[in-house]
1. Extent of the range 153-256 along each principal axis, from alpha carbon coordinates, in Å, largest to smallest?
2. At 1.4 Å probe radius, can you tell me the per residue accessible area of the chain in Å²?
3. Sort 112-120, 154-162 by the packing proxy (mean of other Cβ within 10 Å over each peptide's residues), most packed first.
4. Carbon and sulfur atoms: what percent of the 1.4 Å accessible area of the chain do they account for?
5. Could you work out the helix-only [θ] at 222 nm for the chain, with each DSSP H run of four or more residues adding -39,500 (n - 2.57) and the total divided by the number of residues, to the nearest 500 deg cm²/dmol?
6. Return the FRET efficiency for the residue pair residue 248, residue 152: r is the Cβ-Cβ distance, R0 is 41 Å, and the value is rounded to the nearest 0.05.
7. Roughly speaking, what is the stretch gain from residue 238 to residue 259, that is 0.36 nm per residue apart minus the C-alpha to C-alpha distance, in nm to one decimal?
8. Can you give the extra length, in nm with one decimal, that the chain gains between residue 213 and residue 25 once fully stretched, where that is 0.36 nm per residue apart less the Cα-Cα distance?
Amino acid sequence: MSEVSVTENAGGPAPAADRLVVLDHVNKHFGALHVLQDIDLTINRGEVVVVIGPSGSGKSTLCRTINRLETIDSGSITIDGKPLPQEGRELARLRADVGMVFQSFNLFAHKTVLENVMLGQTKVRRTDKAKAAEKARALLDRVGVGTQADKYPAQLSGGQQQRVAIARALAMDPKVMLFDEPTSALDPEMINEVLDVMQQLARDGMTMVVVTHEMGFARSAANRVVFMADGRIVEEAEPNQFFNNPRSERAKDFLSKILHH
Ligand SMILES: Nc1ncnc2c1ncn2[C@@H]1O[C@H](COP(=O)(O)OP(=O)(O)OP(=O)(O)O)[C@@H](O)[C@H]1O
Ligand SMILES: [Mg+2]
């Protein structure tokens, strides 16, 4: 028996313990729009998955279902083997386990940078203030904005604010980090400072789902590229395979549009 299962596993799906986020036959509608169509997606521990696809294909909705900012109509989503909680403190804890970084930085304007990174720790994780502050400073150093700790978000550049947003998510010790176009709102010269932080996170073994148009990042940091169109996963492949040899017409068409300007 055991020999059979070992053979079956070779080159097949990861063992259950390594599967961190599992979407199984997930469907979602917005009214008549079938925005997520039978999505099966497994993200393994330590894996970096880049999600790309045309505007409106459902990339943001996919991310938002993973921390239950959007509910689903059918199918299931589990994180670390557990179904997503419906509400209450369990849901708050889930949101902490699943760090999310958006295009807009969403920092609290009336709190300092340090306070922004402390808040979730003290409120959701019940960490005491001194420990939370110490951890916040260490994380701000790690993302390169340690000297900005006592400023307010509006006093920082966009790239700095986005790095604070990353530090704030990391402060919760998330199991997985979701990034939804984290550099799209940034001036070009600030994009790399944010991508560099994400690259380092990936190297440190963080499990990441990244929606981005930064194909350089996808090539160098992703273990896998997921290509979506019209609410479906059309193609999944390693970056080299995907960029050099896309299989579907949709992916070929998409790549020809984004890679030639
Ligand atoms: N709250 C909502 N109510 C109704 N329709 C929505 C809602 N959110 C998204 N949609 C629609 O669902 C589809 C998928 O949207 P989504 O934001 O997931 O796409 P996307 O792939 O992230 O696109 P983009 O690259 O432009 O960010 C779009 O047609 C969008 O208009
Ligand atoms: Mg989007």
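The values are calculated or read from the model by the stated rules, or taken from the named source; none is laboratory data. Note that the coordinates shown come from a computational prediction; the quantities given were computed from them, not determined experimentally. Heads up, the Cβs are rebuilt from the backbone with ideal geometry, glycines too, and the neighbour counts pull from every protein chain shown. SASA here: full protein model, heavy atoms, side chains in, ligands and nucleic acids out. Shrake-Rupley method; radii C 1.70, N 1.55, O 1.52, S 1.80 Å.
1. Here the Cα extents, ordered largest to smallest, are 46, 29, 24 Å.
2. In whole numbers, the chain has 49 Å² accessible per residue.
3. Top of the packing list down: 112-120, 154-162.
4. The value for the chain is 49 percent carbon and sulfur by accessible area.
5. Calculated mean residue ellipticity at 222 nm is -12000 deg cm²/dmol.
6. E(calc), rounded to 0.05, equals 0.30.
7. This chain segment gains 5.8 nm when fully extended.
8. Length gained, residue 213 through residue 25: 65.1 nm.
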